[in-house]
Amino acid sequence: MTYEKRYDGRDFDETRKVEIKMGVIPRANGSAMFSFGNTKAIAAVYGPRLMHPQHLQNPEKAVLRCSYDMLSFSVTERKKPGPSRRSSEISHVIMNALTPVLQLENFPNAVIDLEIEIIQADASTRCAGINAAALALAHAGIPMTDLISAVSVGNIGNKICIDITKEEEDYEEDGEKLATDIPVAFAPRKNRLTLLQLDGKVKPEVLKKVIEAGNKACMKINEAQKKALRDLKMETELPEEEEK
Ligand code: UDP
């Protein structure tokens with residue numbers, strides 16, 4: 001037995017419905033919501049502003065502080081509020097996935113706070129978080145050399161699946177877990193991989209295919225992100241309605 005048909009009927013190389021909303025948090029300098037189906041992430045950017053206390057300032061570039069968290073009721077079994085080992089690890093990998101394209105040297109002694117909140121989780125939350133964060137950073141006007149896109153790739157019962165759900169992450173055959181989750185992120189312009197994690201086991205030749213499949217999916221996600229930014233620009237450039 002293998003995983004022949006996806007639980008939700010999607011093609012193996014298809015993401016769930018991608019939904020993007022820009023400017024969801026008016027008080028932030030930049031914000032965005034990004035969903036993969038039932039996985040929904042909100043990212044907000046505050047700054048750049050002068051870093052306090054002063055001894056934490058870097059005179060050569062801004063410091064990016066990244067925080068990822070999930071709402072307690074975003075998951076089926078209530079999650080204890082507050083930071084955890086998992087949230088610290090994910091904050092760290094998200095920061096590493098985004099920094100290669102950020103021109104932080106434009107803002108010496110400054111701090112940029114990036115807050116990512118998962119409001120509903122059905123796996124792939126770090127990838128949704130990265131996609132929302134890239135958009136929020138662009139919305140905040142932080143100069144970037146590229147727009148990062150991320151997707152989870154699963155090796156589920158020996159089938160490569162794009163954008164896996166929790167049900168797929170928990171896939172078993174004869175009581176044995178047969179699911180490997182491999183989140184990837186790309187900077188498309190130079191086709192640079194900025195995130196690669198692996199939860200499970202995979203053969204090297206399969207990993208190569210996984211990265212190729214992830215790359216293709218990220219290119220499509222990148223188009224959706226760029227469209228959201230273009231639409232926003234069009235909206236702000238529209239002439240104001242005349243008073244009647
Ligand atoms: N999850 C959960 N409770 C938790 C942490 C995770 O129910 O405290 C679920 C949630 O659906 C999450 C999934 O497990 O999206 C996979 O979590 P993982 O740590 O692999 O990260 P993700 O795939 O979300 O980036």
What is the spin-label model distance, in nm, from Lys166 to Thr99 if the labels are put 7 Å beyond Cα along the C-beta direction? 3.2 nm
Estimated dipole of region 94-214 in Debye, rounded to 20 [Cβ of Lys and Arg +1, of Asp and Glu -1, Cα centre]: 700 debye
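Please give me, ordered by residue number, the GluC sites (Glu not before Pro) of region 65-137 that lie in loop per DSSP and have at most 10 other Cβ atoms within 10 Å.
Numbers: sites: Glu77, Glu89, Glu105, Glu115, Glu117; in loops: Glu77.
Qualifying residues, ordered by number: Glu77.
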Can you give me the three principal axis dimensions of the chain from its C-alpha atoms, in Å, biggest first? 62, 54, 39
At R0 = 35 Å, how high is the FRET efficiency between Leu71 and Met144 if r is their beta carbon distance? Nearest 0.05 is fine. 0.80
Gyration tensor (Cα) of region 104-217, equivalent ellipsoid semi-axes in angstrom: 31, 16, 10
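Taking the Cβ of Ala62 as the center, what net charge do the other residues with Cβ under 13 Å away carry, scoring Lys and Arg +1 and Asp and Glu -1?
Values: positive: Arg49, Lys61, Arg65; negative: Glu60, Glu105, Asp113.
Net charge around Ala62: 0.
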Along the positive direction of the dipole of region 1-111 (beta-carbon charges: Lys, Arg +1; Asp, Glu -1; about the Cα centre), which of Leu102, Val63, Gly23 reaches farthest? Gly23
Loop-resident sites, region 23-117, for trypsin sites (Lys or Arg not before Pro), counting at most 10 other Cβ within 10 Å (DSSP): Arg27, Arg78
Mind checking the dipole of the chain: about its Cα centre, +1 per Lys or Arg Cβ, -1 per Asp or Glu Cβ, Debye to the nearest 20? 520 debye
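Out of all DSSP beta bridges with both ends in the chain, state the antiparallel percent to the nearest 5. Working shown, then result.
Numbers: 41 of 49 bridges.
Around 85 percent of the beta bridges assigned by DSSP in the chain are antiparallel ones.
If you restrict to DSSP beta bridges whose two residues both lie in region 1-132, what percentage is antiparallel, to the nearest 5? Walk me through the numbers before you get to the answer.
Numbers: 21 of 29 bridges.
Within region 1-132, antiparallel bridges account for around 70 percent of the total.
Read the figures in this text as sums done on the coordinates, not as results from a lab. Small disclaimer: the values here were computed from a predicted structure and weren't measured. Don't worry about glycine lacking a Cβ; one is built from the backbone with ideal geometry, like all the others, and counts go over all protein chains shown.
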